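The values are calculated or read from the model by the stated rules, or taken from the named source; none is laboratory data. Bear in mind that the values here come from a model prediction, so they are computed numbers and not experimental data. No Cβ is skipped: glycine too gets one built from the backbone with ideal geometry, and neighbour counts run over all protein chains shown. The protein model used for the area step is the full one, side chains on, heavy atoms only, and it has no ligands, DNA or RNA in it. Shrake-Rupley method; radii C 1.70, N 1.55, O 1.52, S 1.80 Å.
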Amino acid sequence: MPEASGGDVEFSPTEWVREQTQKVLATGTTEGIEIQGSPIVLLTLRGARTGKRRYTPVMRVEHGGRYAVVASKGGADEHPVWYHNIVAHPEISLQDGEVTRDFTARIAEGAEREEWWERAVAAFPAYAEYQKKTTRTIPLFVLDPR
Ligand code: F42
């Protein structure tokens with residue numbers, strides 16, 4: 001298991017996020033990791049500037065083999081840095097349980113966003129509170145399998 005950042009891989013500077021990420025890499029599964037009783041998935045992204053590989057855990061929002069990714073950052077007023085990484089490099093990987101698949105991410109808008117936002121809040125009710133905390137519309141990416 002990679003213990004520290006370096007080379008082409010960078011881990012989150014936030015300790016609890018880094019620990020959850022390294023647990024997934026060490027055990028080979030996202031199973032057993034929950035926040036407020038909800039499961040997570042692990043994204044592999046490319047840094048917008050550096051091109052380095054970055055792991056980003058997010059809540060599991062799944063429907064019919066497709067996923068949504070919610071750039072909530074706990075209701076902060078700015079997008080998480082990884083939002084910009086996905087916009088720059090939308091071809092990403094997602095690990096759910098032991099399975100890692102490749103997807104292309106795109107921002108959802110209008111009715112499609114509404115539909116997925118409801119699924120997201122059902123999967124992780126705190127998203128609704130996060131949206132109330134900020135004036136920005138929290139971005140939601142839909143992942144299409146590729
Ligand atoms: N965050 C969410 O937004 N939504 C979720 O559903 C979510 C769930 C979740 C579940 C488990 C868990 O452990 C964490 C979870 N998080 C969730 C937190 C998420 O993983 C991120 O930690 C959080 O959203 C903050 O993201 P961030 O990208 O803003 O993080 C900062 C602290 C960070 O890591 N910064 C890096 C740094 O080194 O400062 C980013 C560096 C980076 O990406 N650099 C780019 C590059 O090219 O390498 C360039 C950036 C640029 O400026 O162009």
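Out of the residues in the stretch 43-99 meeting the condition of being open to solvent by less than 30 Å² (accessible area, probe 1.4 Å), in contact with a strand residue (DSSP E or B) (Cβ under 6 Å, 6 or more places away or on another chain) and assigned to a helix (DSSP H, G or I), tell me which one is nearest to the ligand (Cβ to nearest atom).
Only one residue fits best here, namely 85.
Scan the stretch 112-129 and tell me whether some residue there is in contact with a Leu (Cβ under 7 Å, 6 or more places away or on another chain), under 21 Å from residue 35 (Cβ atoms) and of a type in the set (Ser, Thr, Tyr). So that I can check it myself, show each step before the final result.
Our first condition is that a residue be in contact with a Leu (Cβ under 7 Å, 6 or more places away or on another chain); within the stretch 112-129, this holds for 113, 116-117, 120.
With the extra rule that they be under 21 Å from residue 35 (Cβ atoms), the set shrinks to 116-117, 120.
Next, from what is left, pick out any that are of a type in the set (Ser, Thr, Tyr): none.
No, the stretch 112-129 has no match at all.
Tell me which of these residue 64 doesn't satisfy, since it passes every other one: (1) in contact with a Ser or Thr (Cβ under 8 Å, 6 or more places away or on another chain); (2) over 19 Å from residue 8 (Cβ atoms); (3) small (Gly, Ala, Ser).
(1)
Could you look through the stretch 21-35, keep only residues that are out of contact with any Leu (no Cβ under 6 Å at 6 or more places or on another chain) and among the hydroxyl-bearing types (Ser, Thr, Tyr), and pick out the one that is surrounded by the most Cβ atoms within 10 Å (Cβ to Cβ)?
Pass one, the stretch 21-35, residues out of contact with any Leu (no Cβ under 6 Å at 6 or more places or on another chain): 21-23, 25-29, 31-35.
Going one step further and asking which of them are among the hydroxyl-bearing types (Ser, Thr, Tyr), we end up with 21, 27, 29.
Numbers: 21: 22, 27: 13, 29: 15.
Per the criteria, the residue is 21.
May I ask you to list the residues in the stretch 100-121 that are assigned to a helix (DSSP H, G or I) and more than 14 Å from the chain's Cα centre (by Cα)? Reasoning before the result, please.
Keep residues of the stretch 100-121 that are assigned to a helix (DSSP H, G or I), which gives 110-121.
Those that are assigned to a helix (DSSP H, G or I) and more than 14 Å from the chain's Cα centre (by Cα): 110, 111, 112, 113, 114, 115, 116, 117, 118, 119, 121.
Conditions first: (1) touching a strand residue (DSSP E or B) at 6+ places or on another chain (Cβ under 7 Å); (2) without any contact (Cβ under 8 Å) to a residue 60 or more places away in the chain. Residue 23 passes all but one, so which condition is the exception?
Status for residue 23: all satisfied but (1).
So is residue 67 touching a Gly at 6+ places or on another chain (Cβ under 6 Å) and of a type outside the set (Asp, Glu) or not?
In short, no.
Residue check, residue 9 against (1) within 7 Å of the ligand (Cβ to nearest atom); (2) in contact with a strand residue (DSSP E or B) (Cβ under 8 Å, 6 or more places away or on another chain), all met but one. Which one?
(1)
Looking only at residues in the stretch 29-42 that are more than 6 Å from the ligand (Cβ to nearest atom) and in a strand (DSSP E or B), which one is farthest from residue 116 (Cα to Cα)? Even if it seems obvious, please write down each step before you answer.
To start, the set of residues in the stretch 29-42 that are more than 6 Å from the ligand (Cβ to nearest atom) comprises 29-34, 36-39, 41-42.
From what's left, in a strand (DSSP E or B): 34, 38-39, 41-42.
Numbers: 34: 20, 38: 17, 39: 17, 41: 16, 42: 19 Å.
If we take residues in the stretch 29-42 being more than 6 Å from the ligand (Cβ to nearest atom) and in a strand (DSSP E or B), then 34 is farthest from residue 116 (Cα to Cα).
Across the stretch 122-146, what is the total count of residues that are of a type in the set (A, V, I, L, M, F, W, C), in a helix (DSSP H, G or I) and either open to solvent by less than 50 Å² (accessible area, probe 1.4 Å) or in contact (Cβ under 8 Å) with a residue 40 or more places away in the chain (or both)? Before the answer, list the steps.
Quick first cut of the stretch 122-146, residues of a type in the set (A, V, I, L, M, F, W, C) only: 122-124, 126, 128, 138, 140-143.
Next, only the ones that are in a helix (DSSP H, G or I) stay: 122-123, 126, 128.
Pick out the ones that are also either open to solvent by less than 50 Å² (accessible area, probe 1.4 Å) or in contact (Cβ under 8 Å) with a residue 40 or more places away in the chain (or both) and you get 123, 126, 128.
Final tally of qualifying residues: 3.
Looking for whichever is in contact with a helix residue (DSSP H, G or I) (Cβ under 6 Å, 6 or more places away or on another chain), within 21 Å of residue 48 (Cβ to Cβ) and modelled with pLDDT of 95 or more here; the options are 108, 76. Which one fits?
On the way: 76 fails: in contact with a helix residue (DSSP H, G or I) (Cβ under 6 Å, 6 or more places away or on another chain).
None of the others qualify; the one that does is 108.
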